[in-house]
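The values are calculated or read from the model by the stated rules, or taken from the named source; none is laboratory data. Quick caveat, the model's predicted, so the values are computed rather than measured. When we count neighbours, we look across all protein chains shown, and the Cβ atoms used for this are built from the backbone with ideal geometry, even at glycine. Heads up: the accessible areas ignore ligands, DNA and RNA and are worked out on the full protein's heavy atoms, side chains in. Shrake-Rupley method; radii C 1.70, N 1.55, O 1.52, S 1.80 Å.
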Amino acid sequence: MKSEVRIAVIDSGVHAAHPHVNGVAGGVSIAPDGREEADYVDRLGHGTAVTAVIREKAPEAEIFAVKVFHDSLATRIEPLLQALDWSARNGMHLINLSLGTDNPRNEAPLRTTVDRLVGQGIKLIAAHKDSGVRWLPGCLAGVVPVALDWDCPREEYRTSMLPDGRTLYHASGFPRPIPGVPWERNLKGISFAVANVTGLIARELQDQAG
């Protein structure tokens, strides 16, 4: 039997009944004022598409939806930090962050939280740089950094070495294909490169422990 891998997807929630998702193990919605609520249903679509990518590659993983995006794909730093803490309290092994901030004022609080979670053995997977933008927390030490590579097949990732010694993961920015929908009309971008890497790492963890 393969080992259980628990993944938090911090995003816009999830439509758990979507056939590409096939259910989730649970989740939480974190309101802008910090209230934790049970309604993690995705009404924007982004979190569902990200979760579908991960499910495709790690079908046996336990996925938890952590909703921080409600009316748009934007939130304040406080709900994001709370989402990270919720993920740690609930025993996640991997945290998918198909999101990021380029605001330098957010670096210090993110660094404190990231250091604490990495110290617990949790892998945070997030965008490193994209189109010249330095994304947080993906550029922080301890985070698994991801770069966009449109030429990389969706079934694999490529790696290179950063100056600080970390491995940089390069992955496709295409999501899971939707039958009848052309690539150019589907969602795509660095969010899905992150999700592709999360799914592949989850699969590797399961195989190593199986």
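Key figures
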read-out	value
Extreme residue, farthest from the chain's Cα centre (by Cα), among residues of segment 1-14 that are surrounded by fewer than 19 Cβ atoms within 10 Å (Cβ to Cβ) and not aliphatic (A, V, I, L, M)	K2
Where C139 falls short, out of the listed (1) open to solvent by less than 50 Å² (accessible area, probe 1.4 Å); (2) more than 13 Å from I95 (Cβ to Cβ); (3) in contact (Cβ under 8 Å) with a residue 12 or more places away in the chain	(3)
Subset of segment 15-40 (residues that are under 18 Å from the mean Cα position of the chain (by Cα) and either more than 17 Å from A61 (Cβ to Cβ) or among the aromatic types (F, W, Y) (or both))	H15, V28, S29, I30, Y40
Within segment 45-90, tally of residues that are touching a strand residue (DSSP E or B) at 6+ places or on another chain (Cβ under 9 Å), among the charged types (D, E, K, R) and buried (at least 20 other Cβ atoms within 10 Å of the Cβ)	2
So E204, is it out of contact with any Pro (no Cβ under 6 Å at 6 or more places or on another chain), acidic (D, E), closer than 23 Å to P59 by Cα and in contact (Cβ under 8 Å) with a residue 24 or more places away in the chain	no
Residues located in segment 37-57, provided they are out of contact with any Ser or Thr (no Cβ under 6 Å at 6 or more places or on another chain) and on the phi < 0 side of the Ramachandran plot	A38, V41, R43, T48, A49, T51, A52, V53, R55, E56, K57
